[in-house]
Amino acid sequence: MSNIKNQSPKSTSRLLRQRATPAESILWQELRNRKLNGLKFRRQYPVSGFILDFYCAEKNLGIELDGSIHDTQEEYDKIREQLISESGIRILRFSNQEILENLEDVKTKIENFITLIY
């Protein structure tokens with residue numbers, strides 16, 4: 001297994017796409033090819049030295065999926081989100097569990113967020 005921290009953002013993004021979690025794969029099937037409100041989403045998109053799970057440039061929206069590792073890195077996630085938001089990107093967070101157990105609700109939350117904010 002290669003160390004992703006020593007790679008370029010483009011290489012890291014490519015590697016993360018290849019190693020997608022089940023939740024990422026499921027949500028990607030709902031976002032790809034402009035399936036959600038006709039918006040183009042990218043996955044594993046580098047921004048501000050970090051990589052967003054999903055990003056929509058049209059709405060400046062990042063979507064992050066959190067697995068169990070995020071339970072132990074709340075402070076890091078808060079700082080990371082703050083730095084990304086300084087680029088004008090708004091972040092929506094969902095747990096992997098939410099994707100796996102209630103995908104329709106997640107899609108509705110994304111659509112509502114887009115409608116309310118933009």
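Read-outs throughout are calculated quantities, based only on the coordinates presented, and are distinct from any laboratory measurement. Just so it is clear, the model here is predicted, and its values are computed rather than measured. Cβ: placed from backbone, ideal geometry, glycine included. Neighbour counts: every protein chain shown.
Using a 10 Å cut-off on Cβ atoms, rank the peptides 41-47, 111-117 from the highest mean neighbour count down.
Values: 41-47: 19.0, 111-117: 11.9.
Sorting 41-47, 111-117 by mean packing, highest first, produces 41-47, 111-117.
Taking 0.36 nm per residue of separation and subtracting the Cα-Cα distance, what length does fully extending R19 through E104 add? Please list the in-between numbers first.
Numbers: separation 85, 0.36 × 85 = 30.60 nm, distance 2.39 nm.
Residue separation times 0.36 nm, minus the Cα-Cα distance, leaves 28.2 nm.
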Please give, to one decimal in nm, the separation of the simple spin-label points placed at A57 and Y76, each 7 Å out from Cα toward the Cβ.
2.9 nm
Diffing region 24-36: the Karplus 3J(HN,Hα) column from phi (6.51, -1.76, 1.60, θ = phi - 60°), in whole Hz with x for Gly and Pro, holds 4, 4, 5, 5, 4, 4, 8, 9, 5, 6, 6, 6, 9
Determine the equivalent ellipsoid of region 26-118 by diagonalising the alpha-carbon gyration tensor, then write out the semi-axes as square roots of 5 times the eigenvalues, largest first, rounded to whole Å.
20, 17, 12
